[in-house]
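S.K.: First, the structure itself, so that you have it in front of you.
The values are calculated or read from the model by the stated rules, or taken from the named source; none is laboratory data. The model shown is predicted, which means the values in this text are computed figures rather than measured ones. Cβ coordinates were reconstructed from backbone atoms using ideal geometry, including for glycine residues, and neighbour counts include every protein chain displayed. Surface areas here come from the heavy atoms of the whole protein model, side chains and all, with no ligands, DNA or RNA. Shrake-Rupley method; radii C 1.70, N 1.55, O 1.52, S 1.80 Å.
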Amino acid sequence: MAASEACSSSAATNFKVFRGTFVHSTQEDALVILEDALLGVDSTGKISFVEKGPELEKVSAKFGFNPSAVTQLSPQEFFMPGLVDTHIHAAQYSFAGTALDLPLLDWLQTYTFPVESRYSDLEFAREVYTHVVKRTLRNGTTTACYFATIHTDASLLLGEIANDFGQRALVGKVCMDRNGLHEHYKEETQESLDETSRFISELIKRKYPLVKPVVTPRFAVSCTSELMLKLAEVARNNNLHIQSHISENKDEVKLVQELFPESESYTDVYRKHNLLTSKTIMAHGCYLSDEELKIFHQTGSSLAHCPNSNLSLCSGLLDVRKVLSHKVKLGLGTDVAGGYSPSMLDAVRRTRDTSKALKIQDPAYQTLTWEETFRLATLGGSQALSMDDQTGNFAVGKDFDALRVNVAAPDGPIDLVQNDGPKVLLEKFLNLGDDRNILEVYVAGRKVVPL
């Protein structure tokens with residue numbers, strides 16, 4: 001066999017080709033349905049082609065794969081892009097589903113900071129972080145933007161675990177050099193900077209293909225001006241993402257005004273400290289003004305909408321329609337454990353619930369469609385994390401991050417009583433489905449679920 005033939009044969013062997021229904025979003029269309037389509041994934045995990053099923057013979061000859069090796073989906077199955085969780089606190093997973101009886105600042109003081117302070121214990125960290133990565137993957141989260149804790153070694157461990165299980169992730173070692181809510185859970189300013197530099201250096205040195213560091217000042221309440229300014233330098237010098245919180249509840253907004261009286265708004269605090277960039281993702285934003293949203297648009301910064309947490313802690317209702325009208329990038333987040341569910345399907349549902357609650361308050365309000373929330377959970381999330389050149393939909397050249405969904409999974413939560421088309425099947429899955437319907441999860445072409 002000639003060398004070129006051997007290479008061609010090897011490439012064909014590593015090729016994955018699927019035939020069936022594919023649903024995804026584009027910038028122009030919230031929902032695009034491709035029925036009886038062929039999608040090819042090359043040996044690097046990238047999408048090589050999206051073609052029509054009846055053209056199998058021609059496509060197989062062009063790309064050099066055996067037509068008999070194509071994976072055929074059933075009529076009740078489809079592929080959709082992986083779900084993108086733009087805001088999740090991995091360290092809080094141990095108490096998810098509990099402790100939802102207090103508003104934000106009291107909640108942090110009473111429940112969150114005492115638990116996060118335990119992550120100097122690496123065995124405890126390993127147990128919790130292993131659970132959260134496995135659980136989110138099984139629920140279809142192919143990309144997660146994680147907050148860890150102030151502990152560098154435990155934060156590195158989270159990156160290692162995400163890499164080992166094949167999840168695409170941004171991992172942040174939390175930075176906080178003041179804490180009036182829990183005096184023992186904080187760092188000295190220089191310590192925070194030194195440990196952040198060590199975290200970034202160590203994580204980059206490991207060369208994980210899908211796991212990257214994100215600079216993480218917790219929020220303005222827990223960071224001095226000196227720390228925020230120097231963290232902005234760290235992010236700029238290393239071309240890194242930045243994540244934090246903004247305008248989650250009214251008491252928090254008031255406290256920020258007291259701590260930074262020279263600033264015009266919460267957003268102005270971050271702008272003056274150079275933390276608003278095109279790679280910045282800020283969680284919540286329930287009380288952002290039009291002027292603040294204009295700044296988000298101008299800087300290219302993004303918002304992570306966390307509706308479960310906003311409702312569970314009685315923080316507020318984000319007007320997503322208003323955010324989008326300002327052309328601000330927005331994705332969805334679970335915000336575990338303020339949000340009690342680690343499933344992005346729950347985030348999709350609570351996003352619609354919040355939109356409908358706003359319509360109850362104002363009958364003229366235009367609610368989000370379910371198709372729009374689908375886009376926010378997939379392509380919107382990848383755009384918010386500035387990863388839409390790599391993932392978010394089934395465009396040729398992007399990584400194959402995808403869920404294989406069977407709406408009629410045995411012993412699943414959905415009963416089908418008529419011959420529904422793919423649009424209805426997708427809507428049913430988004431509203432009624434769970435991990436039992438997710439047969440397979442792929443990240444960059446690698447099957448990571450079943451685990």
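S.K.: Enter the per residue convex hull volume of region 286-334, computed from alpha-carbon coordinates, in Å³ rounded to the nearest integer.
M.R.: Spread over its residues, the Cα hull of region 286-334 gives 61 Å³ apiece.
S.K.: Take the solvent-accessible surface of the protein heavy atoms, probe 1.4 Å, and return the percent of it on the chain that carbon and sulfur atoms account for.
M.R.: 49 percent
S.K.: Quick one: P(r) of region 57-101 from all Cα-Cα pairs, 10 Å bins, percents rounded to integers, in order of increasing distance.
M.R.: 17, 22, 21, 18, 15, 7, 0
S.K.: Measuring from centroid to centroid over Cα atoms, what is the spacing of region 120-135 and region 366-425 in Å?
M.R.: Going from one Cα centre to the other spans 28 Å.
S.K.: Per residue, what volume in Å³ does the convex hull of the Cα atoms of region 221-297 enclose?
M.R.: Each residue corresponds to 79 Å³ of Cα convex hull volume.
S.K.: Please report Rg (one decimal) and Dmax (integer) in Å for the Cα set of region 356-451.
M.R.: In Å, with Rg to one decimal and Dmax whole: 16.0, 46.
S.K.: Treating only the Cα positions of the chain as identical point scatterers, give the base-10 log of I(q)/I(0) from the Debye formula at each q in 0.11 Å⁻¹.
M.R.: Relative scattering, expressed as log10 I(q)/I(0), comes to -0.84.
S.K.: In nm, give the distance between the simple-model label positions of Asp353 and Glu188, each being 7 Å from the Cα along the Cα-to-Cβ direction.
M.R.: That separation, rounded to one decimal, is 4.6 nm.
S.K.: What are the lysines whose alpha-carbon lies under 23 Å from the alpha-carbon of Lys327, with same-chain residues fewer than 8 places away excluded?
M.R.: Lys272, Lys279, Lys294, Lys356, Lys359
S.K.: Could you state the orientation-averaged shadow area of the convex hull built on the Cα atoms of region 128-211, in nm² to one decimal?
M.R.: 5.7 nm²
S.K.: Give me the Kirkwood hydrodynamic radius of region 319-359 in Å, from all C-alpha pairs, to one decimal place?
M.R.: In region 319-359 this quantity evaluates to 11.1 Å.
S.K.: Oh, and also: In whole angstrom, how long is each semi-axis of the equivalent ellipsoid of region 26-133, when you take the square root of 5 times every eigenvalue of its Cα gyration tensor and sort them from largest down?
M.R.: They are 47, 18, 12 Å, listed from largest to smallest.
S.K.: If one computes P(r) from the Cα atoms of region 228-385, what percent of pairs lie at distances over 26 Å?
M.R.: That tail contains 24 percent of the Cα-Cα pairs.
S.K.: Restricting the count to DSSP beta bridges whose residues both fall in the chain, what percent are antiparallel, rounded to a multiple of 5?
M.R.: 45 percent
S.K.: When the Debye formula is applied to the Cα atoms of region 144-289, each taken as the same point scatterer, what base-10 log of I(q)/I(0) results at q = 0.13, 0.16 Å⁻¹?
M.R.: The Cα Debye sum returns log10 ratios of -0.55, -0.82.
S.K.: For region 103-243, what is the accessible area per residue in Å² when the probe is 1.4 Å?
M.R.: Normalised by residue count, the accessible surface of region 103-243 is 37 Å².
S.K.: A follow-up question, please. In nm, to one decimal, how far is the modelled label at Arg198 from the one at Lys272, with both set 7 Å along Cα→Cβ?
M.R.: 3.2 nm
S.K.: Which value, in Å², gives the accessible area per residue of region 308-411 when a 1.4 Å probe is used on the protein heavy atoms?
M.R.: It amounts to 33 Å² per residue over region 308-411.
S.K.: Taking the Cβ-Cβ separation of Ala69 and Val396 as r and a Förster radius of 22 Å, what is the calculated FRET efficiency to the nearest 0.05?
M.R.: 0.65
S.K.: Any chance you could check the Cα centroid distance between region 202-258 and region 56-95 for me, in angstrom?
M.R.: Between the Cα centre of region 202-258 and that of region 56-95, the gap is 33 Å.
S.K.: Also, I was wondering about something else. What value in Å³ per residue do you get for the convex hull of the alpha-carbon atoms in region 329-395?
M.R.: 100 Å³
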